[in-house]
Amino acid sequence: MLKMLNWQKVRAHWKKIAFASLPIAYGLNALKSSYEISKYMRTICNEVKNSSGSSKNVLVILNPVADKKNSEKMFRKFCEPVLHLSGFTVDIKKTKHVGHAKTLVESLNSLPDVIIVAGGDGTSSEVVTGLLRRGVPPCPIVLLPLGEKSNTALRYLQHVPNSKLETVKCLISSLQPLIKDRTQFCNVVKYDIIDSDAHEVHKPIYGLQSFSWGVLRDIEAKQNKYWYFGYLRHHAAALFNAFSDKLQWNIKAKVVLTPPCPGCSNCKMPTNQKPKISFASFYATRSISEKPANFINEVCNAEKSEYVEMNQIDISCNKNSDSFFELKTDLVKSLTPGFNFLDNISSIVHRSVEPAISLKSRTIKLYPSVQASTYYIDGEEYDVRPIKISLIPNAIKLFC
């Protein structure tokens, strides 16, 4: 009889009970997550205390507005204690505006033993740019995935930050190679402005991730305007701009390529001494494998040019089948405004639209026919200008 009465009360007040259970479940989940993180950090701290590592002077370039202003809190709570326990001397410098990380690193009187980048892809690119602009051998760096987009750092990790515990594990995993003194060389992509005013001096920009230009990247950049759609904000940005005439749907440019090369003396040949080679042998270097140190690749500096019209161009650094790195340029041409765009909205959001052409090269020059657009280098915006994009192998040392 008592059970029956209780069940009747539950049926009579089920809405109140369901409403009250939501904050209770949220609180229990938060407590569980906090306990798991505390347990994990206790284990890590004990391991670090018992390990014997060499003391290093560490400079932290911290972007305090990264990851919706959570980056500083996450770093000080989880990363800084581990660094101090490992015996490192930690100096923290905060960036104050876009481009500040570049000038901070470039103006250092002397380089520290290690630079830790606490931010996203943009901050990483700025730090690498500042290091390589100094003209001296750069110090090693550590990339912490503390930005809203940290694709560069995450590609070296096994964890996916889909929860707070996994985010903490990503941060600690990024520090482990520093503690264990484990490094590897990393390729860098260099961007030079060409055909500029003779009176202007433009320093090169360096990136670690990718170059993007076109309608897909423009729509991705608009997604934060639709923040109220939550995880569907990228879908909303694509949906509400599918018929827009304000987007630049087609971009035109002259593209000048040099073929992939495993590294030879021609790579450093002055531009006024380029060999005249038939374009029929443009990709001959793809079959080259082991090379002596003084190897001369006759087609290395041969240039191939063409005019292209496309929706999107993406350039990234990839390792080819011959085990050396090259620039891969994907050109997307299949998108048109309207219902065709809506039919492909899933592949647009996930950036999986099949490219019409994929080009392989060591360098690529872009001469755009339009100016009212934006380049994106590692997620950072730059004005559209004629540029030369070059692959620099093993340019920087990374703890990973």
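The values are calculated or read from the model by the stated rules, or taken from the named source; none is laboratory data. None of the values given here were measured: they were computed from a predicted structure. Here the Cβ positions follow ideal geometry from the backbone for every residue, glycine too, while neighbour counts run over all protein chains shown. Just so you know, the surface numbers come from the protein's heavy atoms only, side chains and all, with ligands and any DNA or RNA stripped out. Shrake-Rupley method; radii C 1.70, N 1.55, O 1.52, S 1.80 Å.
Evaluate the range 370-387: report whether one residue or more is of a type in the set (Val, Ile, Thr), open to solvent by less than 70 Å² (accessible area, probe 1.4 Å), closer than 20 Å to residue 128 by Cβ and part of a strand (DSSP E or B).
Taking the range 370-387 first, the residues of a type in the set (Val, Ile, Thr) are 370, 374, 377, 384, 387.
Pick out the ones that are also open to solvent by less than 70 Å² (accessible area, probe 1.4 Å) and you get 370, 374, 377, 384, 387.
If we keep only those that are closer than 20 Å to residue 128 by Cβ too, we end up with 377, 387.
So of that shortlist, the ones also part of a strand (DSSP E or B) come out as 377, 387.
Yes, some residue in the range 370-387 is of a type in the set (Val, Ile, Thr), open to solvent by less than 70 Å² (accessible area, probe 1.4 Å), closer than 20 Å to residue 128 by Cβ and part of a strand (DSSP E or B).
Please go through the range 57-79 and pick out each residue that is closer than 15 Å to residue 97 by Cα and touching a Phe, Trp or Tyr at 6+ places or on another chain (Cβ under 7 Å).
Of everything in the range 57-79, just one residue is closer than 15 Å to residue 97 by Cα and touching a Phe, Trp or Tyr at 6+ places or on another chain (Cβ under 7 Å), namely 62.
Any residue in the range 114-135 that is assigned to a loop (DSSP other than H, G, I, E, B) and more than 28 Å from residue 161 (Cα to Cα)?
Going residue by residue through the range 114-135, those that are assigned to a loop (DSSP other than H, G, I, E, B) are 120, 134-135.
Okay, now just the ones that are also more than 28 Å from residue 161 (Cα to Cα), so 134-135.
Within the range 114-135 (the criterion being assigned to a loop (DSSP other than H, G, I, E, B) and more than 28 Å from residue 161 (Cα to Cα)), the answer is yes, since at least one residue qualifies.
Going through 328, 319 one at a time, which residue ends up being surrounded by 15 or more Cβ atoms within 10 Å (Cβ to Cβ) and not hydrophobic (A, V, I, L, M, F, W, C)? Break it down stepwise before answering.
On the way: 319 fails: surrounded by 15 or more Cβ atoms within 10 Å (Cβ to Cβ).
Selected residue: 328, the only one of 328, 319 that is surrounded by 15 or more Cβ atoms within 10 Å (Cβ to Cβ) and not hydrophobic (A, V, I, L, M, F, W, C).
With respect to residue 335, is the statement that it is touching a strand residue (DSSP E or B) at 6+ places or on another chain (Cβ under 6 Å) and of a type in the set (A, V, I, L, M) true? Spell out the reasoning first.
Details: touching a strand residue (DSSP E or B) at 6+ places or on another chain (Cβ under 6 Å): no; of a type in the set (A, V, I, L, M): yes.
When the stated conditions are applied, residue 335 does not pass them.
Are there strands (runs of 3 or more DSSP E) fully within the range 230-347 with at least 2 residues that are at pLDDT 85 or above and of a type in the set (Lys, Arg)? List them. Reasoning before the result, please.
Details: elements: 251-258, 304-310, 312-319, 325-332.
Because the criterion is at least 2 residues that are at pLDDT 85 or above and of a type in the set (Lys, Arg), the strands (runs of 3 or more DSSP E) in the range 230-347 that meet it are 251-258.
Residue-by-condition table, conditions (1) of a type outside the set (S, T, N, Q); (2) assigned by the TED database to the domain that holds residue 231; (3) in contact with a helix residue (DSSP H, G or I) (Cβ under 9 Å, 6 or more places away or on another chain):
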{"site": "305", "(1), (2), (3)": "no, yes, no"}
{"site": "308", "(1), (2), (3)": "yes, yes, no"}
{"site": "316", "(1), (2), (3)": "no, yes, no"}
{"site": "319", "(1), (2), (3)": "yes, yes, no"}
{"site": "354", "(1), (2), (3)": "yes, yes, yes"}
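I'd like to check something: does the range 74-81 contain any residue that is open to solvent by 70 Å² or more (accessible area, probe 1.4 Å), in the same structural domain as residue 151 (by the TED database) and touching a residue at least 12 places away in the same chain (Cβ under 8 Å)? If you could, list the steps in order and put the result at the bottom.
Going through the range 74-81, the residues open to solvent by 70 Å² or more (accessible area, probe 1.4 Å) turn out to be 76-77.
Within this subset, residues satisfying the condition of being in the same structural domain as residue 151 (by the TED database) are 76-77.
Checking which are touching a residue at least 12 places away in the same chain (Cβ under 8 Å) leaves us with none.
There is no residue in the range 74-81 that is open to solvent by 70 Å² or more (accessible area, probe 1.4 Å), in the same structural domain as residue 151 (by the TED database) and touching a residue at least 12 places away in the same chain (Cβ under 8 Å).
Return the residues of the range 22-54 that are at pLDDT below 80 and either surrounded by 11 or more Cβ atoms within 10 Å (Cβ to Cβ) or assigned to a loop (DSSP other than H, G, I, E, B) (or both); say none if nothing qualifies.
Passing the criteria: 51, 52, 53, 54.
In the range 86-111, what residues are crowded, with 16+ Cβ neighbours inside 10 Å, part of a loop (DSSP other than H, G, I, E, B) and either among the basic types (Lys, Arg) or not assigned by the TED database to the domain that holds residue 143 (or both)?
Of everything in the range 86-111, nothing turns out to be crowded, with 16+ Cβ neighbours inside 10 Å, part of a loop (DSSP other than H, G, I, E, B) and either among the basic types (Lys, Arg) or not assigned by the TED database to the domain that holds residue 143 (or both).
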